[in-house]
Amino acid sequence: MMERLEQRYYIKFCQKLGDSQVETIRKIQTAFGDDAMGITQIKEWYNRFKDGLTTVESEPRSGRPSTCRNDQVIAKVNAMVMRDCRVTIREIAEEVGISTFSAHFIMTEDLAMERVAAKFVPKLLTAEQKELRVEVSQDMLDSTNSDPDFMNTIITGRHSGSIPRHQDQRRPAKCAATSK
């Protein structure tokens, strides 16, 4: 934004000196390179200054400012997820009063979380979580090395309360939009 203001000052300066639009465009492009404003924008600002505009600030625009991605809303969403990691995007959106798109964006971008097995978890582990994971893995490795039958004693299963599934039944396909 600051670079745009600098370019507007420069356009105003060139216009006051009597440079033509073509000269001003060439100078802006030379000075700012790839970060230069577009030709149409330069011409618009040049004409505004030529018509007597004195400020380089943009005029206020109509419309409601975005209120869904501020620190308070992000804190509310974070608190909801920390309270109940099985909360859905729709529940978050309804309780906080934002769109489901905004709730999803806050979860994935601002809070760096993704849905894993119907829970939101941080994408990055803390140092303590990494250390604990290494300790547990090392214990499992030591147990496997000391007792070759150790892995045969591990029982795996699904969440309690779920309906048992026969081998010939197919698992429902996962929705690609909800998993990363």
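What the table shows:
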| item | result |
| --- | --- |
| Restricting the range 18-43 to residues that are under 38 Å from the mean Cα position of the chain (by Cα), charged (D, E, K, R) and at pLDDT 90 or above, the residue that is surrounded by the fewest Cβ atoms within 10 Å (Cβ to Cβ) | Arg26 |
| Every residue from the range 31-56 that is without any contact (Cβ under 8 Å) to a residue 40 or more places away in the chain and part of a loop (DSSP other than H, G, I, E, B) | Ala36, Met37, Gly38, Asp51, Gly52, Leu53, Thr54, Thr55 |
| Close pairs (7 angstrom Cβ cut-off, 6 or more residues apart or separate chains): of a type in the set (Val, Ile, Thr) in the range 7-30, not in a helix (DSSP H, G or I) anywhere | Ile28/Ala36; Ile28/Met37 |
| Those residues of the range 134-168 which are surrounded by fewer than 10 Cβ atoms within 10 Å (Cβ to Cβ), at pLDDT 85 or above and in a loop (DSSP other than H, G, I, E, B), in sequence order | none |
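Here's the yes/no breakdown for (1) out of contact with any Ser or Thr (no Cβ under 9 Å at 6 or more places or on another chain); (2) at pLDDT 90 or above:
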site	(1), (2)
Cys68	no, no
Met82	yes, no
Val87	yes, no
Glu95	yes, yes
Glu109	yes, no
Val116	no, no
Thr126	yes, no
Leu132	yes, yes
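The values are calculated or read from the model by the stated rules, or taken from the named source; none is laboratory data. Keep in mind that what you see is a predicted model, and the values were worked out from it rather than measured. Cβ atoms come from the backbone with ideal geometry, glycine included; neighbour counts cover every protein chain shown.
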